[in-house]
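Have a look at the structure below, then the notes.
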Amino acid sequence: MGLLTPAMPSVAAPADGLIRVMVVDDAVVVRGLVSRWVEEEPGLVLAASLRNGKEAVDQLERANPDVVILDVEMPVLDGLAALPLLLEKKRNLVVIMASTLTRRNAEVSLKALSLGAADYIPKPETNRGVTTSPTFRHELIEKIRQLGGRRKKRDEPRFRVQQAPAAPTPAAVPAAPGAPSSAAASPAGSVLVTPRFRAAPSLVPSSDGPAIELRPFSTTPPRVLLIGSSTGGPQALIAVLSHLAPVIERVPVLITQHMPPTFTTILAEHISRASGKPAREGVDGEPILSGRIYVAPGGRHMQVARQNGTPVIALDDGPLVNFCKPAVDPLFVSASKMWGAATLAVVLTGMGSDGSRGGVEIVKAGGSVIAQDEASSVVWGMPGAAAHAGICSAIMPIEQIASKLVRLFSGDRQ
């Protein structure tokens, strides 16, 4: 089952600036609770509270919601069956699927993304869990605000990335104190490489703030590919990895997608089918090898460590980072220490700023960062934060990222 779906059109802003929310869930406790949360939030309006997908389809025009919270499992008409009918009636409707953490529901939620759902949210297993979980409430309201309030201008993005002019002859940059000038490659190509040259950065005009700085790509050939993503990430990952076989054959690929347990298991299976390469959740202590894709397991941070001279996966059950577990920053930071200037990272669509701090460390080590552009992102939070931090060497549409990566891993340094 594929995850790739056409980019959703912009959501028109309600005339009064409020976001209208429809809650669809057959569980009366959950439906009532979520409805009350919506009513208590400034800027949100409860458009309807309904028991099943059929009621949602029948009342869509009257309620005219901007966002629908759609339960997966319901009688009469379930969430997956109702989704295409809702989107057929209102093309720019934002639908957030809600489901418990079972394998079947994970499959259904990811399938829903391929059918046009904007995102999903995992529900606690019991009604009591829903009632007592501040994390679920926070995440749900944040998704409603971010997705319902987005104002993507596809025909006129907020800034345009221009090709940086050819850099002058670069000046040498001394190696970091105590760092070796060269090292023998390990089986996965995992050596700490210091940058040899650094050209002056270029500035990209921005209409919504200070100019965005684009840095030159590292002159050191990349030996690992890191990817961080969140909201909209499953679709974006498939869009990139399905065209990345030449890169995956040469280097290891490590991915952190904000997802709960079970969902990451299913995501890895989808990635494996789409890419034609082995992909699975990372296992603590396993060697990191070229030709393989490692996905951070839900509920644990995935990092990189060295064991007997070989890079290995290191899983961490520590506290949330950037309100997430797994988080992108721990992966990026640890990888920057392992591969140095040979590190190449991509920050894809997602809420928040996860990945920026780790991206800074990658750039400090001489590596490079690419961000997805705003127009093709479901939410331009994570990639936008990286772009405005001045750590990116390219900011580009999702459909161009794979070909750019293939060129970079083939020797292109522009």
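A short reminder: the numbers here are calculations on the coordinates, not readings from a lab. These figures come from a predicted structure and were not determined experimentally. Note: ideal-geometry Cβ built from the backbone for every residue, glycine included; neighbour counts use all protein chains shown.
Is the range 19-148 best put as rounded, prolate or oblate by its Cα gyration tensor, with a ≥ b ≥ c the root eigenvalues, rounded for a/c under 1.5, and otherwise prolate when a/b is larger than b/c, oblate when not?
rounded
Residue by residue through the range 271-288, which ³J(HN,Hα) values in whole Hz follow from phi under the Karplus form 6.51 cos²θ - 1.76 cosθ + 1.60 (θ = phi - 60°), with glycine and proline marked x?
Using θ = phi - 60°, the values come out as 4, 4, 5, 5, 8, x, 10, x, 9, 7, 5, x, 10, 4, x, 6, x, 9 Hz.
Considering amide H positions built from the backbone, and no H for Pro or chain starts, which residues 5 or more places from Gly298, or on another chain, come under 5 Å of its amide H?
Thr262, Thr264, Thr265
Go through the range 247-320 and name the GluC sites (Glu not before Pro) that are in a DSSP coil and have 13 or fewer other Cβ atoms within 10 Å of their Cβ.
Answer in residue order: Glu249.
Starting from the amide H of Leu77, placed 1.01 Å from N in the peptide plane, find each other amide H under 5 Å away whose residue is 5 or more places distant or on another chain.
Those lying under 5 Å, H to H, from Leu77 are Gly53, Lys54.
Taking amide hydrogens as modeled 1.01 Å from N in the peptide plane, which residues meet the under 5 Å criterion relative to Gly355, leaving out close sequence neighbours?
HN-HN under 5 Å from Gly355: Val328, Asp329.
Using Cβ counts within 10 Å as a stand-in for footprinting exposure, how do Asp71, Asp78 rank, fewest first?
By the 10 Å Cβ count, ascending, the order reads Asp78, Asp71.
Between Leu320 and Asp284, what FRET efficiency comes out of the Förster formula 1/(1 + (r/R0)^6) with R0 = 22 Å and r the beta carbon distance, rounded to 0.05?
So the FRET efficiency works out to roughly 0.70.
Which loop GluC sites (Glu not before Pro) in the range 68-132, with loop taken from DSSP, have no more than 16 other Cβ atoms within 10 angstrom of their Cβ?
Here the GluC sites (Glu not before Pro) that fit, given the DSSP loop and packing criteria, are Glu125.
Counting other Cβ atoms within 10 Å, keep those with at most 14, restrict to DSSP loop, and tell me which chymotrypsin sites (Phe, Trp or Tyr not before Pro) in the range 313-389 are left.
Phe323
Just to be sure I follow: if Rg is taken over the C-alpha atoms of the range 323-395 and Rh is the Kirkwood radius over the same atoms, what is Rg/Rh?
That ratio is 0.95, to two decimals.
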